[in-house]
Amino acid sequence: MGRMLRIGLTGGIGSGKSTAARLLGEAGFPVVDADQVARDIMDPGSPVLEKVAEAFGADLIDETGRLNRGDLARRAFATEAETEKLNAITHPAIRTEAERRLTELAEAGTRAAVYDMPLLFELGIDATMDLTVAVVADVDVRVRRLVEQRGLDEEDVRNRIARQVSDEVRRAKADVLLDNNGTLEDLRRQVNTVCEQINALS
Ligand code: ATP
């Protein structure tokens, strides 16, 4: 049995990263979703949740032990220092749990698995992947999709995009680019090509 191929998938907000992850999942590659991991590590009773409550207020946890995510976001994203404080608690925990899940997949004999991680390049996690895939699309296209299909606020979306690394960085760093300026069918075709590449490598 060979070593499992680790594929890092990333993309800016509204790029279509989740859509690409879903397509890769449907093609048979297990996907570890960093956003899901980020939620799971703050399940009721978890040590991470305890640290978050210590740092940001015990009132963030309701009587059933659940975290009020909206209130945490308001507190943690109020200033850069507060954001860093939250990241210092959550990022190492996300990394450890994602690694645990990838290791579990590898030990189960999986040939190739996807790690869907928005901060793949920002946190240097790309260095731990065998292949990196970035979904890119023009800012205006991303804004339009998020405003029209998800009902998000345009200014808010533009601010969030401005705070992430640019597609220029993603284009420079990724092994494979998926251009999602076109239709979903265009994206699907490109994902199929990536699947062939993965199968050839694994
Ligand atoms: P986020 O990080 O904000 O969750 P994302 O990068 O994961 O975003 P998706 O959720 O996959 O992006 O896509 C953003 C929106 O654009 C969704 O509503 C999705 O259905 C839609 N979308 C994705 N690709 C296309 C496309 N090629 N044509 C039209 N709509 C698309």
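Each residue was assigned an accessible area with a 1.4 Å probe, and for M42 the value is about 20 Å².
Could you list the residues of the range 87-106 with an amide nitrogen less than 18 Å from a label point located 7 Å from the Cα of A53 in the Cα-to-C-beta direction? Under 18 Å, as judged by backbone N against the label point of A53, lie 89-90 of the range 87-106. Simple rule: put +1 on each Lys or Arg Cβ and -1 on each Asp or Glu Cβ in the chain, find the dipole, and look at N199, T83, G57; the Cα lying farthest toward the positive end is N199.
Separation of the range 128-165 and the range 66-99, taken as the distance between their Cα centroids, equals 20 angstrom.
Across the range 185-195, coupling constants 3J(HN,Hα) worked out from phi with the 6.51/-1.76/1.60 Karplus curve, θ = phi - 60°, read 5, 4, 5, 4, 4, 5, 5, 4, 5, 4, 4 Hz, and Gly and Pro carry x. On the chain, 49 percent of the accessible area sits on carbon and sulfur atoms, based on a 1.4 Å probe. Taking the Cα centre of the chain as reference, the dipole from Cβ charges on Lys and Arg (+1) and Asp and Glu (-1) amounts to some 380 debye.
Potential lengthening of the chain between D35 and E185 amounts to 51.5 nm, from the contour at 0.36 nm per residue minus the alpha-carbon distance.
Computed from the C-alpha gyration tensor, the three semi-axes of the ellipsoid equivalent to the chain are 29, 23, 14 Å, from longest to shortest. Based on DSSP loop calls and a cut-off of at most 15 other Cβ atoms within 10 Å, the longest stretch of the chain free of exposed GluC sites (Glu not before Pro) is what? In the chain, the maximal stretch lacking such sites is 123-202. Could you work out how far helix 17-26 tilts from the main Cα principal axis of the chain, as a 0 to 90 degree angle to the nearest 10? With both axes taken from Cα atoms, the answer is about 60 degrees. The mean sequence separation of alpha-carbon pairs under 8 Å and at least six residues apart, normalised by the residue count of the chain, gives a relative contact order of 37 percent. Dipole magnitude for the range 116-202: computed about the Cα centre from +1 point charges on Lys and Arg Cβ and -1 point charges on Asp and Glu Cβ, it is near 40 debye. Take the Cβ-Cβ distance between D43 and N192 as r, set R0 to 30 Å, and report the resulting FRET efficiency rounded to the nearest 0.05. It comes to 0.25. Its Cα centre serving as origin, the range 38-97 has a Cβ charge dipole (Lys and Arg +1, Asp and Glu -1) of approximately 160 debye. A Förster radius of 41 Å, combined with the Cβ-Cβ distance separating S166 from E63, puts the computed FRET efficiency at roughly 0.40. Beta bridges from DSSP with both residues in the chain: antiparallel share about 5 percent, rounded to the nearest 5. In this structure the chain gives 54 Å² per residue of accessible area when probed at 1.4 Å with all protein chains present.
The values are calculated or read from the model by the stated rules, or taken from the named source; none is laboratory data. This one's a predicted model, so the numbers in the text were calculated from it and none came from an experiment. FYI the Cβ positions are ideal-geometry reconstructions off the backbone, even for glycines, and counts take in every protein chain you see. Accessible surface is based on the protein model in full, side chains and every heavy atom, while ligands, DNA and RNA are left aside. Shrake-Rupley method; radii C 1.70, N 1.55, O 1.52, S 1.80 Å.
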